[in-house]
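Everything on this sheet refers to the single structure shown next.
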Amino acid sequence: MTSHEEISSYCPLCTSRCGAVASLEDGRFTELRPDPSHPTGQALCIKGKMAPELVYHPDRLTRPLKRTRPKGDPDPGWVPISWEEAFRIAAEKLNGIAARSGPEAVVFGTASPSTSATVDAQPWIKRLQHAFGSPNFCISMELCGWGRYLASHYSYGAGLPGDYMPDIEHAGVLLFWGYNPTVSRIAHATAAAAALKRGAKLIVVDPRNAGLARKADHWLRVRPGTDGALALGLAQVMISEDWYDAAFLRDWTDAPFLVRQDNGRLLRAGDLDPAGSKESRVAWDATAGRAVVYDPAARRYDSGSKDLSLFGDYAVEGPQGPIRCRPVFQRVADLCAAYPPSRIEELCGVPAAEVVATARTIRHSRPLAFHSWSGLEHQSNATQISLAIGLLYALTGDLDRRGGNTIFPKVPQNDVSGGELLAPAQRAKTLGLASRPLGPARWESVTSGEIYDAIESGSPYPVRGLVAFGANLLLAHADGIRGQAALAQLDFYLHADLFMTPTAQMADIVLPVTSAFETEGLKIGFDFSPEAQSLVQLRKALVPPRGEARSDCEIIFSLAQALGLGEHFWQGDREAAQNHQLAPSGLTLADLRDEPGGRRVALESRYRKFADSDTQGRLRGLGTPSGKVELYLESFLEQGHNPLPDYQEPLVSPRSRPDLTARFPFILTCAKDSLSCESQMRGLPGLRSRAPDPVVELHPTTAAEQGIAAGDWVRIETPVSAVRARAKLNDSLDPEVVCGQHGWWQACDEIGAPAYDALVPEGANCNLLIDHDAADPISGSAPLRAYLCAIARVDEGPRVAS
């Protein structure tokens, strides 16, 4: 008799973490479908539905493998080895590198937790990195998280929108900027659809009319890379029309702080009186007609006045005479005045009337909840884009407000990432900290370009080892051919993955990893809504591991033991470690195993938490030096950058590089498709059959002018390299814009779809078209979404891998 079992679960393949129910027939995983009773389970994308194909794919890695031939040999000569031998070799090599060159010479890396199931292991990978003594962690932060998490820390003291998430359920207007949740976070897409039904407005900023953009009240077809100008243009309308929250700006931003005209620095109490504080800021009290001092430690002004000036030009008396100053907000207004709607139409391609109409909707349909994604982070001006949107959002006053962007309550847990295990002297050695001190290195995140530099040049010190969990650097990042050459120079490279990717092919030892459906996974809160945040769920292993595959967590704990770091990993007892993580919640793994659908922890939803007072009456404030939203960044000024987010033209564009436009007349951007998680899953027949070939989208007029028909193979060329794809016509694109896809390499033998050579020109790896020469000077973000290219019809498709 056939046995049938239904198991409550969730899909961990992307950041949506959609609630799901798994079906097993005679112990075989056969189906994953949405679970509407789960807070993120209203829908499940096609990738999640194809999960059984991932689990049972014939190309899965199932045994540890060791290279037996040199890195330059086309055949690595893989031979199976035992887990014991793999860990012994890894420990010997890695500890040897640390002894000779210091632990900083080993980089730890992982796939982005937003686009993979490595989220289960993230804190433990960090703990391993810290315990080993390396400050270098490669997690693609410059491409997938810089704008919405780290850059916004400068203004908001937390990620906006990474920590301040959109309260979609109560929003009056939704703004999705460089973000298409239909393909990247289905839980947001379903919530947004429900919000539209109840009457919320929707604004989408995207070069393509894709996903929810088709339902938007305002779809702004921005020229790729000009998003910062658009944000300033919207702010200009809101300021000129008096559509901003002046009370919020006075109380909770640095808008009233005075800026010296002579040196551009914020005026300090110490500038007015030698005995005054060098930390205290100064504002102008319009009623009293005098300067008032703001003490950031006490979170208050020395005057009870609420009439702080946002505009004007003031002479404040100092020891050597008057000091000319203007409020921060006057400087903001002056900056934005340079971007009226007419200029935005000319710069960004968005009609002036639509700029005004969008600003009006923001003002009159508030509260505003917004989310952004990698469309804004794959830019040579990614930092200033993020800060400009943060400036725009501050005008609304909707921060941590019901229906705005708010920090949802969190289930208490112990931080197990082990930051305390890394000495400050080691943290100071993070790659990129000297060259980009404001960038990801400030948070121990290193860019792929910085890794390649350190391997090849030995500067600031040589990188000799790499430990990676699923990161497919050569496909997911720019400059893959250079990356391949750099990885070949490593003394030792350990890679753990589901499949033998082009990046894994460069390793010395490759370890087979279970799929997320063959191992337990702990999720403490679902990052979607207050209700979702209250749920703690232990995802059950549905089926046994394939072959000898082990979970990322199991590999981490065993590797830690082999490296002599067991004392920091509960001597290999993963159950004890996770119970320690859970302890503040009051839950245990045993509790969660008893309830596969998860357990709720009572949480209180509160807003305007920054306005809370402690027992001494001190306001909590935000996590910035002043405790307020900081629009004017002295830390940027000190490093030679504009303290306000003035627009910067993309470094390779028709305007910045007119010398290239005759040969490369089109703007190249790219977009995620709904059938893959970045460079993953194109080997699954249920997905590849729907999209068998790489495609590039272009406007029908552009195609006709180039002699290209739909379905033709075309060659896309940039000043860096060339690749091939099939033409797909899209009349929503600007005729000057073409849109490609990255991540193509894997074969799908079941339908006869080939593997493409990912590391040669004329292949299908779109990211080969971009290098790091035009990276954001602050973050190191490569301009994967805004470059120059040419496109022409060819007779053959991409080079097929041998």
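How big, on average over all directions, is the shadow cast by the Cα convex hull of the stretch 683-802, in nm²? Intermediate values should be presented prior to the final figure.
On the way: hull surface 32.6 nm².
Its Cα hull, projected and averaged over all orientations, spans 8.2 nm².
So how tilted is helix 227-240 from the main axis of the chain? Cα-based, degrees 0 to 90, rounded to 10.
Result, in degrees: 30.
Using the beta-carbon distance between Ser82 and Ala576 and R0 = 22 Å, what value does 1/(1 + (r/R0)^6) give for FRET efficiency, to the nearest 0.05? Don't skip to the answer; put the middle values down first.
Working: r = 26 Å, r/R0 = 1.18.
E between Ser82 and Ala576, to the nearest 0.05, is 0.25.
If one computes the Cα centroid of the stretch 739-758 and of the stretch 143-193, what distance in Å separates the two points?
So the separation of the two Cα centres works out to 31 Å.
Give, in whole angstrom and from largest to smallest, the semi-axes √(5λ) of the equivalent ellipsoid of the stretch 72-198, with λ running over the eigenvalues of the Cα gyration tensor.
Values: eigenvalues 328, 74, 31 Å².
In descending order, the three semi-axes are 40, 19, 12 Å.
With the full set of protein chains in place, find how many percent of the accessible area of the stretch 376-451 is carbon and sulfur; take the probe as 1.4 Å. List each step's numbers first, then the result.
Values: 1250 of 2240 Å².
Whole-percent figure for carbon plus sulfur exposure: 56.
Determine the order of Ser435, Ser605 by accessible area, beginning with the largest, at a probe radius of 1.4 Å. List each step's numbers first, then the result.
Values: Ser435 85, Ser605 60 Å².
Sorted by accessible area, descending: Ser435, Ser605.
Cα-based Rg of the stretch 429-513 per 2.2 N^0.38 Å, rounded to two decimals?
Numbers: Rg = 12.8 Å, N = 85, 2.2 N^0.38 = 11.9 Å.
The reported ratio for this selection is 1.08.
Report, in debye and to the nearest 20, how large the dipole of the chain comes out about its Cα centre when Lys and Arg carry +1 and Asp and Glu carry -1 on their Cβ. Display every interim value, and only then the final one.
Working: 81 positive and 95 negative charges, 165 e Å.
In total the dipole reaches around 800 debye.
When ligands, DNA and RNA are left out and all protein chains stay put, how many square angstrom of accessible area per residue does the stretch 165-293 have with a 1.4 Å probe? Provide the component values of the computation, followed by the final result.
Values: 4230 Å² over 129 residues.
Value for the stretch 165-293: 33 Å² per residue.
Among Cys325, Thr503, His364, whose Cα lies farthest out toward the positive end of the dipole of the chain, if unit charges sit on the beta carbon of Lys, Arg (+1) and Asp, Glu (-1)?
Checking the options against the dipole of the chain, the answer is His364.
Helix 382-396 sits at what angle to the longest principal axis of the chain, using alpha carbons and giving 0 to 90 degrees rounded to 10?
50 degrees
On a 0 to 90 degree scale, rounded to 10, what angle separates helix 448-457 from the longest Cα axis of the chain?
70 degrees
What is the antiparallel percent of DSSP beta bridges lying wholly in the stretch 589-740, to the nearest 5? Display every interim value, and only then the final one.
Details: 9 of 17 bridges.
Among the beta bridges of the stretch 589-740, antiparallel pairing accounts for roughly 55 percent.
Give, in nm to one decimal, the length gained when the segment between Asp307 and Gln489 is fully stretched (0.36 nm per residue of separation minus the Cα-Cα distance).
59.2 nm
Could you give me the percent of Cα pairs per 5 Å distance bin for the stretch 278-433, shortest bin first, beginning at zero and ending with the bin that holds the maximum distance?
Percent of Cα pairs in each bin: 2, 6, 9, 11, 14, 14, 14, 12, 11, 6, 1, 0.
Ranked highest first by the average count of other Cβ atoms within 10 Å around their residues, in what order do 107-116, 587-596 fall? Walk me through the numbers before you get to the answer.
Working: 107-116: 23.6, 587-596: 15.2.
Ranked from most to least packed, the peptides come out as 107-116, 587-596.
Can you tell me the mean projection area, over all orientations, of the convex hull of the stretch 248-331's alpha carbons? Units nm², please.
The Cα convex hull of the stretch 248-331, projected and averaged over all directions, gives 5.0 nm².
Would you be so kind as to identify which of Ile708, Thr669, Leu687 lies farthest towards the positive end of the dipole of the stretch 668-714, taking Lys and Arg as +1 and Asp and Glu as -1 on Cβ and the Cα centre as origin?
Checking the options against the dipole of the stretch 668-714, the answer is Leu687.
Using a Förster distance of 35 angstrom, determine the FRET efficiency expected from the C-beta separation of Arg600 and Arg360, and round it to 0.05.
On the way: r = 41 Å, r/R0 = 1.17.
Efficiency for this residue pair is about 0.30.
With r defined as the distance between the Cβ atoms of Arg618 and Ser240 and R0 fixed at 41 Å, what FRET efficiency is calculated, to the nearest 0.05? It would help to have the intermediate numbers written out before the result.
Numbers: r = 37 Å, r/R0 = 0.89.
Efficiency, from the Cβ-Cβ distance: 0.65.
Mind grabbing the accessible area of Ser386 for me, 1.4 Å probe, Å², rounded to tens?
20 Å²
Can you show me the helix-derived [θ] at 222 nm for the chain, built from DSSP H runs with n ≥ 4 at -39,500 (n - 2.57) apiece and divided by the number of residues, rounded to the nearest 500. Can you show the working numbers first?
On the way: 25 runs with 201 residues, N = 802.
Value at 222 nm, helices only, nearest 500: -6500 deg cm²/dmol.
If exposed means no more than 16 neighbouring beta carbons inside 10 Å and the site is in a DSSP loop, what's the longest run of the chain without any exposed GluC sites (Glu not before Pro)?
That would be 280-547.
Treat each spin label as a single point 7 Å out from the Cα along the C-beta direction, and report the Ala288 to Glu92 distance in nm.
Calculated label separation equals 7.4 nm.
Need one word for the stretch 1-152: rounded, prolate or oblate. Basis is the Cα gyration tensor (sqrt eigenvalues a ≥ b ≥ c); a/c below 1.5 gives rounded, then a/b vs b/c decides. Mind showing how you got there, number by number?
Working: a/c = 2.53, a/b = 1.45, b/c = 1.74.
Since a/c reaches 1.5 but b/c is at least a/b, the shape of the stretch 1-152 is classed as oblate.
Each label point is 7 Å from the Cα along the Cα-to-Cβ direction; what then is the distance between the points at Ala434 and Asn414, in nm?
Between Ala434 and Asn414, the label points sit 3.8 nm apart.
Out of all DSSP beta bridges with both ends in the chain, state the antiparallel percent to the nearest 5.
Roughly 60 percent of the DSSP beta bridges within the chain come out antiparallel.
Give me the 1.4 Å probe accessible area per residue for the stretch 360-485, excluding ligands and nucleic acids, in Å². Walk me through the numbers before you get to the answer.
Values: 3730 Å² over 126 residues.
Heavy-atom accessible area per residue stands at 30 Å².
For the stretch 1-72, what is the charge dipole size about the Cα centre, in debye to the nearest 20, if Lys and Arg each add +1 at the Cβ and Asp and Glu each add -1 at the Cβ?
Details: 11 positive and 8 negative charges, 180 e Å.
The calculation lands at about 860 debye.
Based only on the alpha carbon positions, what is the Kirkwood hydrodynamic radius of the chain, in angstrom? Each step should come with its number before you reach the end.
Details: mean 1/r = 0.0362 Å⁻¹.
Evaluated over the chain, this radius sits at 27.6 Å.
Below 8 Å between Cα atoms, with a sequence gap of 6+, how large is the relative contact order for the stretch 257-368 in percent? Walk me through the numbers on the way to the answer.
Values: 164 pairs, mean separation 21.2, N = 112.
RCO, the stretch 257-368: 19 percent.
Please compute the contact order of the chain in relative form: average sequence separation of alpha-carbon pairs under 8 Å and at least six residues apart, divided by the residue count, as a percent. Spell out each step's value before the answer.
Numbers: 1868 pairs, mean separation 137.1, N = 802.
Relative contact order comes out at 17 percent.
Collect residues whose amide H, placed 1.01 Å from N in the peptide plane, falls under 5 Å from the amide H of Leu788; neighbours closer than 5 in sequence don't count.
Those qualifying (amide H under 5 Å, at least 5 residues apart or on another chain) are Leu668.
Quick one: check the C-alpha center-to-center distance for the stretch 309-385 versus the stretch 1-55, whole angstrom.
Here the answer is 45 Å between Cα centres.
Probe radius 1.4 Å, ligands and nucleic acids ignored: give me the carbon and sulfur share of the accessible area of the stretch 710-751 as a rounded percent. Let's see the in-between values first.
Working: 640 of 1530 Å².
So the carbon and sulfur contribution to the accessible surface is 42 percent.
Can you give me the relative contact order of the stretch 1-128 as a percent, contacts being Cα pairs under 8 Å and 6 or more apart? Can you show the working numbers first?
Working: 165 pairs, mean separation 22.3, N = 128.
So the answer I get is 17 percent.
If you roll a 1.4 Å probe over the heavy atoms of the protein chains, what accessible area per residue do you get for the stretch 1-160, in Å²? Let's see the in-between values first.
Details: 5380 Å² over 160 residues.
Normalised by residue count, the accessible surface of the stretch 1-160 is 34 Å².
How big is the dipole moment of the stretch 581-703 about its Cα centre under a simple scheme where the beta carbon of each Lys and Arg is +1, that of each Asp and Glu is -1, and everything else is neutral? Debye, nearest 20, please. Present the calculation step by step, with values, prior to reporting the outcome.
Values: 16 positive and 16 negative charges, 62 e Å.
Approximately 300 debye in magnitude.
Ignoring ligands, DNA and RNA, please state the percent of accessible area on the stretch 1-97 from carbon and sulfur, probe 1.4 Å.
Numbers: 2170 of 4240 Å².
Carbon-and-sulfur percentage of accessible area, whole number: 51.
Please report the antiparallel percentage of DSSP beta bridges with both residues in the stretch 7-151, rounded to the nearest 5. Working shown, then result.
Details: 12 of 14 bridges.
The answer is about 85 percent antiparallel.
The values are calculated or read from the model by the stated rules, or taken from the named source; none is laboratory data. Every value quoted in this text rests on a predicted model; they were computed, and no experiment measured them. Note that each Cβ is placed from the backbone with ideal geometry, even for glycine, and that neighbours are counted across all protein chains shown. Remember, those area values only see protein heavy atoms, side chains included, never the ligands or the DNA or RNA. Shrake-Rupley method; radii C 1.70, N 1.55, O 1.52, S 1.80 Å.
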